[in-house]
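For reference, the structure discussed in these notes is given below.
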Amino acid sequence: MRETELNLNDLITPVFVDERISSKTEIPSMPGYFRFPIKDVACEIGRLMELGLKAFILFGIPGRKDEVGSSAFGKNDVVQKSVRKIKEEYDDAVVITDVCLCEYTTHGHCGIVKNSQILNDETLPVIAKVAVSHAEAGADIVAPSGMMDGMVKAIRRALDCEGFEDTAIMSYSAKYASFFYGPFREAAESGYSFGDRRSYQMDFHNKKEAIREVELDIAEGADIVMVKPALAYLDVISEVKKKFNHPLAAYNVSGEYSMVKAVEKMGWMDGKNLAYEILTAIKRAGADMIITYHSREIAEVLSN
Ligand code: PBG
């Protein structure tokens, strides 16, 4: 009689790679979650695959940042190197890469900035270049997260021109300007130096707008669309799934993870079971796949 069953194939595990460190480092606001140096990233993927996890999304923290994010697209930059190392050892790992500028720019915004404005159209060729560099390194799926209008189309066109017709696009289609991203900004050092992200991310008071954003991304060629965050946005997930029946990812974000960890630490609730229930609810709402920091614990829950 059980209608929804969470399994490991549903989960995508984020992996943070930091070009500046030589041993794994815990993220203070995300207890139990680490950044890895490039040299150890393949080993970590191997350990996660042993638990039965198959898909990973990589976030890079570069050694050098500038105004235009030029360390985001070099052949030997942090994500490109990491992807090559992973694919050399684990060809069957599904490697997804985050395509954004915020970790690579000194101002920390997701696009090119002039006079404190985030310039949508000037950003498109840059993120297209980032996506192509990830595909060249061997990424299976690129995941633009900057919420720039037209990003899926620009990336699809660039990938096709360079011979990467088979590289898929997972678009952060309905990404809300959310307070739930706080811990991630510490994890990826992508906090911004001025303003906020509300000129390009969505207002959490809105739902119809999410439907329009998803519709545009599907029309531009997104293979997978995404709603982010997940837990406080189950209504959006449900509506997007019902309306489009398109492959749908939900991002169970850093703040959702840290809340569970905090109550667990206080001894107030059982963290593992809480995570299992939350992820099952996200799947029940309509997500086909879930990006989550809980996947290691879920692997343990499911193997018992
Ligand atoms: C931006 C990006 C963010 C997250 C993923 N990609 C943060 C932001 O928009 O500030 C958040 C992920 C999380 O909170 O777990 N490239």
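Could we say that Asp217 is buried (at least 20 other Cβ atoms within 10 Å of the Cβ), more than 12 Å from the ligand (Cβ to nearest atom) and within 21 Å of Val142 (Cα to Cα) here? Yes, satisfied. Residues that are open to solvent by less than 10 Å² (accessible area, probe 1.4 Å), out of contact with any strand residue (DSSP E or B) (no Cβ under 8 Å at 6 or more places or on another chain) and aliphatic (A, V, I, L, M) within segment 47-71 are absent altogether.
Scanning segment 76-108 for residues that are under 15 Å from the mean Cα position of the chain (by Cα) and part of a loop (DSSP other than H, G, I, E, B) yields Cys100, Leu101, Cys102, Glu103. Is it the case, given these coordinates, that Asn206 is over 16 Å from the mean Cα position of the chain (by Cα), without any contact (Cβ under 8 Å) to a residue 12 or more places away in the chain and more than 16 Å from the ligand (Cβ to nearest atom)? Yes; evaluated as a whole, the condition is true for this residue. Within segment 140-180, can you find the residues that are of a type in the set (Val, Ile, Thr) and touching a Ser or Thr at 6+ places or on another chain (Cβ under 6 Å)? Of everything in segment 140-180, those that are of a type in the set (Val, Ile, Thr) and touching a Ser or Thr at 6+ places or on another chain (Cβ under 6 Å) turn out to be Val142, Val152.
For segment 214-255, give me the residue count where each residue is of a type outside the set (A, V, I, L, M, F, W, C) and farther than 19 Å from Ala131 by Cβ. Break it down into steps so the answer makes sense when it comes.
Step one: list which residues in segment 214-255 are of a type outside the set (A, V, I, L, M, F, W, C), which gives 215, 217, 220-221, 223, 228-229, 233, 235, 238-239, 241-243, 245-247, 251-252, 254-255.
Retained after the next criterion (residues that are farther than 19 Å from Ala131 by Cβ): 215, 229, 233, 235, 238-239, 241-243, 245-246, 252, 254-255.
The qualifying residues number 14.
For Ile57, the stated conditions hold: it is within 16 Å of the ligand (Cβ to nearest atom), closer than 24 Å to Gly150 by Cβ and not acidic (Asp, Glu). Mind checking whether some residue in segment 33-49 is more than 16 Å from the chain's Cα centre (by Cα) and among the aromatic types (Phe, Trp, Tyr)? So far as segment 33-49 goes, yes, one or more of its residues are more than 16 Å from the chain's Cα centre (by Cα) and among the aromatic types (Phe, Trp, Tyr).
For segment 221-241, a residue qualifies if it is away from the ligand (no atom under 13 Å from the Cβ) and over 25 Å from Ile141 (Cβ atoms), and exactly one does: Asp235. In summary, strands (runs of 3 or more DSSP E) completely within segment 109-162 and bearing 1 or more residues that are surrounded by 23 or more Cβ atoms within 10 Å (Cβ to Cβ) occur at 112-114, 141-144.
Only one entry in Leu58, Leu53 is at pLDDT 95 or above, under 22 Å from Ala250 (Cβ atoms) and part of a loop (DSSP other than H, G, I, E, B), namely Leu53.
Being aromatic (Phe, Trp, Tyr) and open to solvent by 50 Å² or more (accessible area, probe 1.4 Å) is true of Tyr276.
For the subset of segment 163-188 comprising residues that are touching a helix residue (DSSP H, G or I) at 6+ places or on another chain (Cβ under 6 Å) and polar (S, T, N, Q), which member is surrounded by the most Cβ atoms within 10 Å (Cβ to Cβ)? That would be Ser173.
Filtering segment 227-240 down to residues that are of a type outside the set (Gly, Ala, Ser) and open to solvent by 40 Å² or more (accessible area, probe 1.4 Å), which residue is farthest from Tyr293 (Cα to Cα)? Outline the logic, then answer.
Here is the first cut: in segment 227-240, the residues of a type outside the set (Gly, Ala, Ser) are 227-229, 231, 233-237, 239-240.
Next cut, open to solvent by 40 Å² or more (accessible area, probe 1.4 Å) only: 231, 234-235, 239.
Values: Leu231: 13, Leu234: 18, Asp235: 22, Glu239: 24 Å.
Top of the filtered list is Glu239.
Screening Phe244 with (1) aromatic (Phe, Trp, Tyr); (2) surrounded by fewer than 18 Cβ atoms within 10 Å (Cβ to Cβ); (3) within 16 Å of the ligand (Cβ to nearest atom) gives one miss only, at (3).
Is it true that Arg212 is more than 27 Å from Thr280 (Cβ to Cβ) and open to solvent by less than 60 Å² (accessible area, probe 1.4 Å)?
Working: more than 27 Å from Thr280 (Cβ to Cβ): yes; open to solvent by less than 60 Å² (accessible area, probe 1.4 Å): no.
Here the answer is no, as Arg212 does not meet what is asked.
Is one or more of the residues making up segment 292-304 at pLDDT 95 or above, in a helix (DSSP H, G or I) and touching a Ser or Thr at 6+ places or on another chain (Cβ under 7 Å)? Yes - at least one qualifying residue is present in segment 292-304.
What residue, among those in segment 61-75 that are under 19 Å from the mean Cα position of the chain (by Cα), not in a loop (DSSP other than H, G, I, E, B) and not β-branched (Val, Ile, Thr), is farthest from Ile291 (Cα to Cα)? It would help to see each step written out before you state the result.
Going through segment 61-75, the residues under 19 Å from the mean Cα position of the chain (by Cα) turn out to be 61-62, 69, 71-73.
Checking which are not in a loop (DSSP other than H, G, I, E, B) leaves us with 61, 71-72.
With not β-branched (Val, Ile, Thr) added as a condition, the list becomes 71-72.
Values: Ser71: 25, Ala72: 22 Å.
Ranking the candidates gives Ser71 first.
The values are calculated or read from the model by the stated rules, or taken from the named source; none is laboratory data. These numbers come from a predicted model, not from an experiment. Neighbour counts run over all protein chains shown; Cβ positions are idealised from the backbone, glycine included. For the accessible areas, the whole protein counts, side chains as well, though only heavy atoms, and no ligand, DNA or RNA atoms are used. Shrake-Rupley method; radii C 1.70, N 1.55, O 1.52, S 1.80 Å.
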